[in-house]
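Right, one structure below, let's go through it.
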Amino acid sequence: ISRATLNNIDDIKRKGVYENSRVFIRRSNEVIPEIMGLAEKYVDSKEIQIPEFCPSCGERLVQKGPLLFCVNHQGCKEQIVDKISHFASRDAMNIEGFSEKTAGSIYENLGVRNLSDIYKITKDDLLTLEKFKDKKANNVLFSIEKSKLTDLYRFVYALGISEVGVKTSKELAKHFKTLENIKNASVEEIAEINDIGEII
């Protein structure tokens with residue numbers, strides 16, 4: 001096993017897990033190996049330190065409950081690549097051939113920083129990327145073009161709004177009908193929708 005789940009800082013503390021120690025592992029939900037707790041501590045075992053800074057951009061991390069967050073939303077490479085990858089994913093804009101690796105590559109090599117930059121990418125741009133030949137570049141460009149005509153709920157989901165999954169996006173699209181209506185809706189109007197509370 002090369003990867004296993006430890007949910008957050010509180011989970012690590014509760015389970016008493018140390019670096020360089022043996023742990024109990026079980027299969028969680030039939031798929032993901034989950035660390036259950038400490039099995040054995042060694043001489044070189046040490047307490048896991050709570051990170052203070054984002055390993056991607058170096059910004060100070062903020063703790064909300066048991067979770068750590070990087071607040072550098074506009075400048076953290078990992079967050080931007082994740083947003084691009086999410087935007088292009090199947091349930092969102094469904095841009096075929098646009099993997100997480102491609103998202104990382106267009107960030108690094110093409111200077112893509114905003115979601116709208118995806119629609120400025122040219123064939124010549126794509127051909128400069130590793131493993132991109134004529135056919136793959138054409139397919140990705142065709143898929144980018146096709147994504148311009150999508151369902152409203154897919155676009156809302158693609159924006160990556162915190163706590164807004166596919167189900168909530170569908171509810172918003174069904175209720176408001178147009179993007180303009182969603183943009184102009186008040187907090188109270190949005191909160192009236194099924195399963196959408198004040199936090200969302």
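Please work out, to two decimal places, the log10 of the ratio I(q)/I(0) at q = 0.18, 0.20, 0.21 Å⁻¹ from a Debye calculation in which every Cα of the range 108-183 carries one identical scatterer.
Reported log10 I(q)/I(0), two decimals: -0.81, -0.90, -0.94.
Counting heavy atoms of the protein chains only and a 1.4 Å probe, report the per residue accessible area for the chain as a whole number of Å².
On the way: 13590 Å² over 200 residues.
Computed with neighbouring chains in place, this is 68 Å² per residue.
What is the distance in Å between the Cα centroid of the range 96-121 and that of the range 68-92?
One Cα centre to the other: 11 Å.
Relative to a virtual label point 7 Å from the Cα of Asp117 in the Cα→beta-carbon direction, which members of the range 129-148 show backbone nitrogen distances below 14 Å?
Correct set: none at all.
Starting from the Kirkwood radius over alpha-carbon pairs of the chain, derive D by Stokes-Einstein at 37 °C in a medium of 0.692 mPa s and give it in µm² s⁻¹.
Using the Kirkwood radius from Cα pairs, D works out to 163 µm²/s.
Through the Karplus equation 6.51 cos²θ - 1.76 cosθ + 1.60, θ set to phi - 60°, convert the phi angles of the range 152-167 into ³J(HN,Hα) values in whole Hz; use x for Gly and Pro.
Each residue's phi maps through the Karplus curve to give 4, 4, 5, 5, 4, 5, 4, 5, x, 5, 3, 6, 9, x, 4, 4 Hz.
Would you mind estimating how fast the range 1-113 diffuses translationally, via Stokes-Einstein at 25 °C and 0.890 mPa s with the Kirkwood radius over Cα pairs, in µm²/s?
147 µm²/s
Give me, ordered by chain and number, the residues 5 or more places off Leu61 or on other chains with an amide H under 5 Å from its own placed amide H.
Correct list: Phe53, Cys54.
Quick check: the angle from helix 134-146's long axis to the longest principal axis of the chain, C-alpha only, nearest 10 degrees?
The answer is roughly 80 degrees.
Translational D (Stokes-Einstein, µm²/s) of the range 97-152 at 37 °C and 0.692 mPa s when Rh comes from the Kirkwood sum over C-alpha pairs?
Answer, rounded: 284 µm²/s.
Using only the Cα atoms of the range 53-158, build the gyration tensor, take square roots of its eigenvalues as a ≥ b ≥ c, and label the shape rounded, prolate or oblate: rounded if a/c is under 1.5, else prolate if a/b is larger than b/c, else oblate.
In terms of gyration-tensor shape, oblate.
Could you list which residues have their amide H under 5 Å from that of Met36, counting only those 5 or more apart in sequence or on another chain, with H placed in the peptide plane?
Phe24, Ile25, Arg26
Select from the range 123-153 those trypsin sites (Lys or Arg not before Pro) which occupy a DSSP coil region and have at most 11 other Cβ atoms within 10 Å, ordered by residue number.
Lys131, Lys133, Lys148
The values are calculated or read from the model by the stated rules, or taken from the named source; none is laboratory data. In this text the structure is predicted, and so the values were computed from the model without any measurement. Ideal geometry is used to build each Cβ from the backbone, glycine not excepted, and the neighbour counts take in all protein chains shown. The area values use the complete protein model at the heavy-atom level, side chains included, leaving out ligands, DNA and RNA. Shrake-Rupley method; radii C 1.70, N 1.55, O 1.52, S 1.80 Å.
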